[in-house]
Amino acid sequence: MRKELLTEDLILNIKDDVGSDWYDLGIALGIEATKVRNLGHDHPKVRDRAHRVLEIWIEKNGTEATVGRLACALIRIGHKRIADKLLGM
């Protein structure tokens, strides 16, 4: 599993791919459902919601917010293609 930290550059490269699945990704990453739901009110664009979900995850998990862990969460919600893209960067 890739252990490097998720960076802002990586987020920028995948947030559009995550798109409308930002909610499922947030839940898969262990973010509280109410916190994830509230992002819908604060950020009108899905790409911004996806970006914020990943930022919250990094804030919550620090050095545990790795590329490998994100790839596993993406695969769990049915986005192996995005996980492969992430791992190829």
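The values are calculated or read from the model by the stated rules, or taken from the named source; none is laboratory data. Fair warning: this is a prediction, and the values are worked out from it, not measured in the lab. Here Cβ is always computed from backbone atoms with ideal geometry, including for glycine, and neighbour counts include all displayed protein chains. Ligands, DNA and RNA are stripped out before the accessible areas are found, and what is left, the full protein with its side chains, is counted by its heavy atoms. Shrake-Rupley method; radii C 1.70, N 1.55, O 1.52, S 1.80 Å.
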Computed label-point distance, nm, for sites ASP16 and ASN38 using a 7 Å Cα→Cβ extension: 3.0 nm
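Full-extension gain between MET1 and ASN61, please, as 0.36 nm times their residue separation minus the C-alpha to C-alpha distance. Display every interim value, and only then the final one.
Values: separation 60, 0.36 × 60 = 21.60 nm, distance 1.66 nm.
Stretched fully, the MET1-ASN61 segment lengthens by 19.9 nm.
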Computed label-point distance, nm, for sites GLU8 and ASP84 using a 7 Å Cα→Cβ extension: 3.1 nm
Shape box of the chain [Cα atoms, principal axes, largest first, Å]: 33, 24, 23
Whole-Hz couplings from phi, Karplus 6.51/-1.76/1.60, listed for region 25-40; x for Gly and Pro: 5, x, 5, 4, 8, x, 7, 4, 4, 5, 5, 5, 4, 4, 4, x
Rounded percent of accessible protein surface that carbon and sulfur make up, the chain, 1.4 Å probe: 51 percent
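Tell me, what is the per residue accessible area of the chain in Å², probe radius 1.4 Å?
Working: 4980 Å² over 89 residues.
Value for the chain: 56 Å² per residue.
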Cleavage-rule hits, GluC sites (Glu not before Pro), region 50-87, DSSP coil, Cβ neighbours within 10 Å at most 13: none
